[in-house]
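Visitor: The structure that follows is given in the form of structure tokens.
The values are calculated or read from the model by the stated rules, or taken from the named source; none is laboratory data. The structure displayed is predicted, hence computed values, not measured ones. Neighbour counts run over all protein chains shown; Cβ positions are idealised from the backbone, glycine included.
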Amino acid sequence: MCGIIGITSNKPVSSSIINSLKKLEYRGYDSAGIATILDGGINEVKCEGRVKTLENNISKIKMLGTVGIGHVRWATHGAPSTLNAHPHSSESVSVVHNGIIENSTLLKKFLVEKGHKFKSQTDTEVIVHLITEYLKENDLKSSILKMLKKLHGSFALGIIFKDEPDLIIGARRGSPLAVGYGPNENYLGSDSYALKSMTNKISYLNDGEFCILKKNSVEFFDESGNKVNKKILELSSEDTSYDKGDYKHFMAKEIEEQPQTIKNCINEYLDKINKDINLLNFPWNKNEISSVTLIGCGTAYHSCLMAKHWFEQLTKLDVYVDIASEFRYRNNRFKKDNLYIFVSQSGETADTYAALDLCNKNNMKTCSVVNVVESSIARDSNFVLPIHCGPEIGVASTKAFLGQMLVLYIFALKLSYIRKDIDKENYLKKINSLLSLSELVKKSLDTDSQVQSACNSFVDAKGSMFLGRGSSFPIALEGALKLKELAYIHAEGYPAGEMKHGPLALIEDGMPVVVIAPRDDYYNKTISNMQEVIARGAKVLLITNKSTDEVFSENIWQKIEVENTDQDLLPFLITIPLQKLAYHSALKKGYDIDKPRNLAKSVTVE
Ligand code: M6R
């Protein structure tokens, strides 16, 4: 959350900073700002709103500094406004910050007593004044060390100094920060994505470290100020296409890409000749694991819930699922034979990272299912299962959800086979079904026009419900989350069998209700629950799969049928019309689909 960029070069940096901020805008889009050093002074431009506005403002002036920092903000302390936008500067120092300074109130009191005047309502401004204060009596490095020791909370920082026209300080605790290397210039970025158009040579700061960047040198230090040697990593060229192409929105593109992302993932994990799953260096043997705990946030949490269903169906392992922000504060019983699986598209979600960190500190077996393989969660897990989806830019997670589910399914199936919980014949059958998944997902994309006509009833609704049982329950939660975050329509995902224990009271004439009832073991039960809501006036959109059996259709308002396949894989096919429902509803309402209000792509604050 929030994006940082810093560049020190032998040429003016403001336009490169603006270009990188445009890439980082998915991390926050409340306000934006840039500061450069020129003629012994700090030149700062900030605005409320998008990077485009910042760019327009900058085009009216000359920003010729060759060292600079930029920021896109997702507000935590203080409303989105020009005043609260980053960078925050004193006469001598300018700072951009991701994260939260938890002891900012105390620090502010101390600084005000020393005569410092604050301009914003942000926690960040204490950093500016702390450095300014320490610089009075210390050299630059000691001032940074002293300042870092005073801060509680999580942060990634980019700092420039009036008297240092070639130097940027980067520091991290909790929030990610990367350094990029270029010819006669070096870069700082809150993720490597922002740096990719400038370099593919990257290093990552570890927790507690800081760095000093000059245009021709980079030095890293630990929290005591000792020099640290860093590996320079070469980023893969795989993730270089970041434009929308002919699509109106990244989300539309990412939905349509799903057959291909399924194909990519299957190519990575399935040995098509020997009909087997290859988990590539899986480090534990079957006797070392008797249970698994799956942990994630938001959509990733929903894929964990989905995986629980598969792990329980396919293996005899005990399976637990937790929301990362709950897990990290729970009095957990850590068990040596438990495998902890962390699911995250970005690999940078603060709560998921903290849960992983807690498990690592307790010497647990940790595994992550991530999209961004250079991310903190991937780097700090014992074992990584990448989802190979390519960059997901739309704030609403779509292709990463399918990718996470697919990798978790493949993982569960392989564990089941290794443990002999499934026989060879069934294992091979399921592998064959996986091989046709991409084509079936493609057919689900054809539901577009049906979804478009259904969404008319959702856009005007006060609220809606998404019901499902078994594997359809996590999909119901995901469908509801998508509609909430994109179309700002209240939507609740509920286990269909639970309706009569309370939420049935919400159903009134004309309320749109999505019932997810594929022909699986729960079909008849869910259809009965559907009748209960229809009887109370609900307008039901039934999502099921094609079958030769008669489908109950009396009083159903609309029905969408996806293709037929192995029961285990139906959730993949059903997810597509739900993603489209949210997309088209938001489009009809004229909302900003790739940047929904109040949200950001990568939630790097608690
Ligand atoms: O990057 P992560 O997968 O860890 O992100 C987790 C959630 O923040 C994310 O899935 C969020 O719920 C999405 N906006 C949902 O579309």
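Visitor: Among (1) at positive phi; (2) surrounded by 20 or more Cβ atoms within 10 Å (Cβ to Cβ); (3) away from the ligand (no atom under 11 Å from the Cβ), which single condition is residue 347 missing?
Guide: It fails just one condition, (3).
Visitor: Same structure again: When segment 358-405 is examined, which residues are found to be more than 11 Å from residue 347 (Cβ to Cβ), at pLDDT below 95 and surrounded by fewer than 24 Cβ atoms within 10 Å (Cβ to Cβ)?
Guide: 388, 390, 391, 393, 395
Visitor: Check every one of the helices (runs of 4 or more DSSP H) wholly within segment 378-455 and list those with 3 or more residues that are within 30 Å of residue 587 (Cα to Cα).
Guide: Correct list: 399-418, 437-444.
Visitor: Only one residue in 34, 58 is in the same structural domain as residue 8 (by TED's automatic domain parsing), among the aliphatic types (A, V, I, L, M), in a helix (DSSP H, G or I) and in contact (Cβ under 8 Å) with a residue 40 or more places away in the chain, so which one is that?
Guide: Selected residue: 58, the only one of 34, 58 that is in the same structural domain as residue 8 (by TED's automatic domain parsing), among the aliphatic types (A, V, I, L, M), in a helix (DSSP H, G or I) and in contact (Cβ under 8 Å) with a residue 40 or more places away in the chain.
Visitor: Specify which of the listed residues (492, 498, 508) is touching a Lys or Arg at 6+ places or on another chain (Cβ under 8 Å) and acidic (Asp, Glu).
Guide: Result: 508 is the single residue among 492, 498, 508 that is touching a Lys or Arg at 6+ places or on another chain (Cβ under 8 Å) and acidic (Asp, Glu).
Visitor: Are there any strands (runs of 3 or more DSSP E) wholly within segment 170-283 with 1 or more residues that are polar (S, T, N, Q), and if so which?
Guide: Strands (runs of 3 or more DSSP E) meeting the threshold: 185-189, 201-204, 217-221.
Residue-by-condition table, conditions (1) more than 29 Å from residue 277 (Cα to Cα); (2) away from the ligand (no atom under 16 Å from the Cβ):
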site: 454; (1), (2): yes, yes
site: 466; (1), (2): yes, no
site: 470; (1), (2): no, yes
site: 479; (1), (2): yes, no
site: 489; (1), (2): yes, no
site: 506; (1), (2): yes, yes
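Visitor: Within the set of pairs 6 or more residues apart or between chains, which connect a residue that is within 16 Å of residue 584 (Cβ to Cβ) and at pLDDT 95 or above inside segment 479-507 to a residue that is of a type in the set (D, E, K, R) and part of a helix (DSSP H, G or I) with Cβ atoms less than 6 Å apart?
Guide: Close Cβ pairs satisfying both conditions: 487/589; 491/484.
Visitor: Quick check on my filter: what residues within segment 149-158 are in a strand (DSSP E or B) and either out of contact with any strand residue (DSSP E or B) (no Cβ under 9 Å at 6 or more places or on another chain) or over 9 Å from residue 97 (Cα atoms) (or both)?
Guide: Across segment 149-158, the qualifying residues are 153, 154.
Visitor: Is there a residue in segment 318-339 that is hydroxyl-bearing (Ser, Thr, Tyr), surrounded by fewer than 23 Cβ atoms within 10 Å (Cβ to Cβ) and closer than 21 Å to residue 470 by Cβ?
Guide: yes
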